[in-house]
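Shown next, in structure tokens, is the structure this report addresses.
The values are calculated or read from the model by the stated rules, or taken from the named source; none is laboratory data. What you are looking at is a predicted structure, and each value in this text was computed from that prediction instead of being measured. Neighbour counts run over all protein chains shown; Cβ positions are idealised from the backbone, glycine included. Keep in mind that these areas ignore ligands, DNA and RNA; they rest on the heavy atoms of the full protein, side chains included. Shrake-Rupley method; radii C 1.70, N 1.55, O 1.52, S 1.80 Å.
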Amino acid sequence: MVINPRSESKELKLYRMLNRRMDLSDEEVQYYWSLEKGFEGEIQFDAWLNDLPGSENWLILNDLLLEYNRTTFQIDSLLLADEILYFFEIKNFEGDFFIDENGRWLTLTKKEIKNPLLQLERSKSLLRQLLQSLGLKVAIKSKIIFINPHFQLYQAPLCQPIIFPTQLKRFSKQLPVKPANRKCRQISEKLLSIHLKESPYKRLPKYTYEQLKKGIICKSCHSRELQYQDYILICKKCSCKEDVRSSIIRSVEEFILLFPERKVTTNAIFEWCEVIKSKKVIRKLLLENYTCIGYGKSSYYVD
Ligand SMILES: [Zn+2]
């Protein structure tokens, strides 16, 4: 049973928006794609895990951000059952990698990547200490899951907590059969209650309102070339049609996420959406979907 379903991180959502509205540097694009790829891998893992027999008896927690001793750490996927806590670090690496004689992880072009085993060890140790400090005793098992079938690791040491794509099926047989008990539920509730809110703005490119391209973005091909016709927006590129209400709401949500410090006003959204030529349409929609604060020209909307 999934306790908290996975969704895109705020950071990934923001990168998606920025990628469509400004020119990112090569480094930023690379980082953005690593986020997309990571998320895709996690979704694949979720689908695999939730499809296993008995999965409804487990408690599954996703994307926990925890803190112990002023150090934050993230857990991609955590499974509680039969008084055992499994936690999984999911990697969607693709291509050939190898481990050199010094234990460094490298691509075939000799580019060093962060050693996932060290990451896993660090998170496991922090989690263990955190649970101890909360007075919660449970056996912890941790694994790195390489989910991508096109991943190959050469010179991998034996007896490491690594699961390769070809081993997934065998590994599933080791997962607990007994359902989660009261203690598991207690741990799950506690971890959720101390789960931190992410701060997505740390690694974002710098951007200003003026710098970003305005306009509603097609929900299907992400083009900004839309045409407004009788409460419908038609994409000039892919001919996709969307009701003007849902496309404005989408754009307002984008505006709020990109500019949390800016006030949502009729004029601001009118300027942001660009393609809607009627302020009346925008005001009506904001009134219907958000709470209006204040009167007249100084009024604005909140969620
Ligand atoms: Zn389109």
Total residues in region 256-281, condition over 26 Å from Tyr15 (Cα atoms) and either at pLDDT 95 or above or assigned to a helix (DSSP H, G or I) (or both) | 3
Quick one: what pairs do we get from region 65-82, first residue touching a residue at least 12 places away in the same chain (Cβ under 8 Å), second part of a loop (DSSP other than H, G, I, E, B) and open to solvent by less than 10 Å² (accessible area, probe 1.4 Å), C-beta under 7 Å, 6+ apart or different chains?
-> Leu79/Trp58; Leu80/Trp58; Ala81/Trp58
Looking at region 195-216, which of its residues are exposed (fewer than 15 other Cβ atoms within 10 Å of the Cβ) and within 16 Å of the ligand (Cβ to nearest atom)?
-> Lys213
Looking only at region 127-138, decide whether some residue is in contact with a Cys (Cβ under 8 Å, 6 or more places away or on another chain), of a type in the set (A, V, I, L, M) and open to solvent by less than 30 Å² (accessible area, probe 1.4 Å).
-> no
Exactly one condition in (1) of a type in the set (A, V, I, L, M); (2) surrounded by fewer than 15 Cβ atoms within 10 Å (Cβ to Cβ); (3) in contact (Cβ under 8 Å) with a residue 60 or more places away in the chain is not met by Ile293; state its number.
-> (3)
Across (1) away from the ligand (no atom under 15 Å from the Cβ); (2) open to solvent by 80 Å² or more (accessible area, probe 1.4 Å); (3) part of a loop (DSSP other than H, G, I, E, B), Arg245 clears everything bar (3)
Do we find that Asn102 is assigned by TED's automatic domain parsing to the domain that holds Pro179, over 27 Å from Lys190 (Cβ atoms) and touching a helix residue (DSSP H, G or I) at 6+ places or on another chain (Cβ under 7 Å) in this structure?
-> no
Return yes when Glu253 is assigned to a helix (DSSP H, G or I) and away from the ligand (no atom under 16 Å from the Cβ) and no when it is not.
-> yes
For region 113-125, indicate whether the set of residues that are in contact with a helix residue (DSSP H, G or I) (Cβ under 6 Å, 6 or more places away or on another chain), within 22 Å of Pro165 (Cβ to Cβ) and not small (Gly, Ala, Ser) is non-empty.
-> no
Which one of these is assigned to a helix (DSSP H, G or I), among the hydrophobic types (A, V, I, L, M, F, W, C) and in the same structural domain as Phe151 (by TED's automatic domain parsing): Ile43, Ile60, Ile75, Ile90?
-> Ile43
Would you mind telling me which numbered condition in (1) modelled with pLDDT of 95 or more; (2) more than 16 Å from the ligand (Cβ to nearest atom) Ala180 fails?
-> (1)
Name the pairs: first residue in region 222-245 and acidic (Asp, Glu), second residue within 9 Å of the ligand (Cβ to nearest atom) and open to solvent by 50 Å² or more (accessible area, probe 1.4 Å), Cβ to Cβ under 8 Å, at least 6 apart or on different chains?
-> Glu225/Lys236; Glu225/Lys237; Glu242/Lys219
Any residue at all in region 220-233 that is aromatic (Phe, Trp, Tyr) and either under 29 Å from Gly54 (Cβ atoms) or out of contact with any strand residue (DSSP E or B) (no Cβ under 9 Å at 6 or more places or on another chain) (or both)?
-> no
Out of region 217-231, which residues are in a strand (DSSP E or B) and away from the ligand (no atom under 13 Å from the Cβ)?
-> Tyr228, Gln229
Taking only pairs six or more apart or across chains, which ones have beta-carbon atoms under 6 Å, a first residue in region 128-150 that is of a type in the set (Ser, Thr, Tyr), and a second residue that is surrounded by 18 or more Cβ atoms within 10 Å (Cβ to Cβ)?
-> Ser142/Phe87; Ser142/Leu120; Ser142/Lys124
So which residues in region 23-52 are open to solvent by less than 20 Å² (accessible area, probe 1.4 Å) and out of contact with any Phe, Trp or Tyr (no Cβ under 6 Å at 6 or more places or on another chain), if there are any at all?
-> Gly41, Phe45, Leu49
Between residues in region 83-94 that are under 18 Å from Gln119 (Cβ atoms) and residues that are open to solvent by 20 Å² or more (accessible area, probe 1.4 Å) and hydrophobic (A, V, I, L, M, F, W, C), which pairs lie under 9 Å by C-beta distance while being six or more apart or on different chains?
-> Leu85/Val138; Leu85/Ala139; Leu85/Ile140; Tyr86/Ile140; Phe87/Ile140; Asn92/Phe39; Phe93/Ile113
